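Student: Structure incoming, see below.
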Amino acid sequence: MLNDHVELQSLLQGTARGDQDAFAALYQATSARLFGVCLRILRNRAAAEDVLQDAFVKIWHHASEYHSERGTVLTWLTTIVRYRALDYLRRVKPEDELDEQHEEVVSERDGPFDWAVSGAEMEGLSLCLDELNDSQRQVIVLSFLEGLTHPELVKRVQSPLGTVKSWIRRGLQSLRRCLER
Amino acid sequence: MNYLQAELLEHLAAGYVLGTLQGRARLRFERVMMDSYKARQAVWAWEQRLTPMADTVSPVTPPGRVWRNIERRIAPTLPARGLGLPWWRGWSLFSTACLILLVALVVLRPVQPPGPDQIALFSNEKAQPLWLVSGNLESGRLSIKPINAEAVRVDNKAFELWMLPASGQPRSLGLLPVSGSAQEQILSPQLLAILQDSAGLAISLEPEGGSPTGLPTGPVLYQAAIVEL
């Protein structure tokens, strides 16, 4: 994991200096993971391809803005892709447009609580997620990994808005306390 | 509302990262982040807490067209790539379209005496002129005029101009302005000799402040032949 980070850091540094080969290697090393994230949020292949493409063009131009306070290189790249996907998801309305094609990629989706492929970083978070009650964990995971908004969460978990919000709020507070232990 | 109250800031930062903070509230918070280092730090901390969740998503290899599109978008013209030649030998591939445009431009321009001895015109792939470089070998005066260069500006990067001598490595002529009026400089006799030996010029994309090595480090975006008048 640490070696991965060092390797990605040097590729990102090359990218920041305009080295196309370093950028190509960075893409090679991370695009499958990031495309998975796009698909999970957008559930539409064409949209996921667009978002991945935009995100990498952004990474090319802004590579020099990465710094260690933003976490590992992989974390930074993932946040760029996620925010881009969230923006895309919420710009495209009505949501039905995406739901129509839901089936197309649904088979590639993991169960919401399948931590089987956890990496080392995930272990800490996974343990802390396990400490939450089921409702808290479910709403946090659904909003982070599938980009569900408050109203969408209300529909999905069949609970009132106030309840959903307080699950999120308390869940996040517990997560933070747990991760800082 | 005081956004900087610690408790509230935590709540907003977490909602921002999670994605549940949306619409106008999200935009407002993005504005707060621009102003407040504390807010950015809170967001970065939440990104690091929550992003490991993405480890649970199965990787899916994207189709090859995604990379091809990215490549096209970041460097619209890389003519010398893949020819097995050093790129600075590839300048001769310079398109005839550009030459025609160049001639038209020279003919239509009133030439002020003493006219420039040498000129090179950089254009994009649509043959729109970007920079006009003109020089006079006797006086050593070099003038760089941005034409539509603003349109190809890249944030946090600089365009660097290179001479491509027939023998030896590319030699920098400095950074190119992307807007404003022509930039003038007087070349040293040493640089003039290299210019005299050069049949073409090239522009590469470099970090702000220019190439740290003295040789092009970024992609070569544009090339142009030097035409003697």
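A short reminder: the numbers here are calculations on the coordinates, not readings from a lab. Source: prediction; values computed, not measured. For neighbour counting, all protein chains shown are included, and Cβ atoms are generated from backbone atoms with ideal geometry for every residue, glycine included.
Student: Taking only pairs six or more apart or across chains, which ones have beta-carbon atoms under 6 Å, a first residue in segment B:143-154 that is part of a strand (DSSP E or B), and a second residue that is surrounded by fewer than 19 Cβ atoms within 10 Å (Cβ to Cβ) and of a type outside the set (G, A, S)?
Tutor: Within 6 Å, the pairs are B:S143/B:E184; B:I144/B:Q183; B:P146/B:P177; B:P146/B:V178.
Student: Would you pick out the residues in segment B:42-58 that are of a type outside the set (A, V, I, L, M, F, W, C) and either crowded, with 17+ Cβ neighbours inside 10 Å or more than 7 Å from every other protein chain (Cβ to nearest Cβ) (or both)? Step through it out loud before you land on a result.
Tutor: Taking segment B:42-58 first, the residues of a type outside the set (A, V, I, L, M, F, W, C) are B:47-49, B:51-52, B:55-56, B:58.
If the condition is that a residue be of a type outside the set (A, V, I, L, M, F, W, C) and either crowded, with 17+ Cβ neighbours inside 10 Å or more than 7 Å from every other protein chain (Cβ to nearest Cβ) (or both), then B:E47, B:Q48, B:R49, B:T51, B:P52, B:D55, B:T56 are the ones that fit.
Student: Within segment B:112-127, is there a residue that is out of contact with any Lys or Arg (no Cβ under 8 Å at 6 or more places or on another chain), surrounded by fewer than 16 Cβ atoms within 10 Å (Cβ to Cβ) and not in a loop (DSSP other than H, G, I, E, B)?
Tutor: No, because not a single residue in segment B:112-127 is out of contact with any Lys or Arg (no Cβ under 8 Å at 6 or more places or on another chain), surrounded by fewer than 16 Cβ atoms within 10 Å (Cβ to Cβ) and not in a loop (DSSP other than H, G, I, E, B).
Student: Could you say whether any residue in segment B:189-198 is farther than 22 Å from B:V154 by Cβ and within 19 Å of the chain's Cα centre (by Cα)?
Tutor: From segment B:189-198, those farther than 22 Å from B:V154 by Cβ are B:189-198; that's our starting set.
Cutting the leftovers down to within 19 Å of the chain's Cα centre (by Cα) gives us none.
Scanning segment B:189-198, I find no residue that is farther than 22 Å from B:V154 by Cβ and within 19 Å of the chain's Cα centre (by Cα), so the answer is no.
Student: Only residues that are acidic (D, E) and either surrounded by 23 or more Cβ atoms within 10 Å (Cβ to Cβ) or at the interface with chain B (Cβ under 8 Å from one of its Cβ atoms) (or both): list them for segment A:30-54, please.
Tutor: Step one: filter segment A:30-54 for residues acidic (D, E), giving A:49-50, A:54.
Answer for segment A:30-54, where residues must be acidic (D, E) and either surrounded by 23 or more Cβ atoms within 10 Å (Cβ to Cβ) or at the interface with chain B (Cβ under 8 Å from one of its Cβ atoms) (or both): just A:E49.
Student: Being within 12 Å of another protein chain (Cβ to nearest Cβ) and not polar (S, T, N, Q) is the filter here, so list the residues in segment B:216-229 that pass it.
Tutor: Residues of segment B:216-229 within 12 Å of another protein chain (Cβ to nearest Cβ): B:216-221.
Across segment B:216-229, the qualifying residues are B:P216, B:G218, B:P219, B:V220, B:L221.
Student: Among the numbered conditions (1) more than 15 Å from A:F144 (Cα to Cα); (2) at the interface with chain B (Cβ under 9 Å from one of its Cβ atoms), tell me where A:S68 comes up short.
Tutor: (2)
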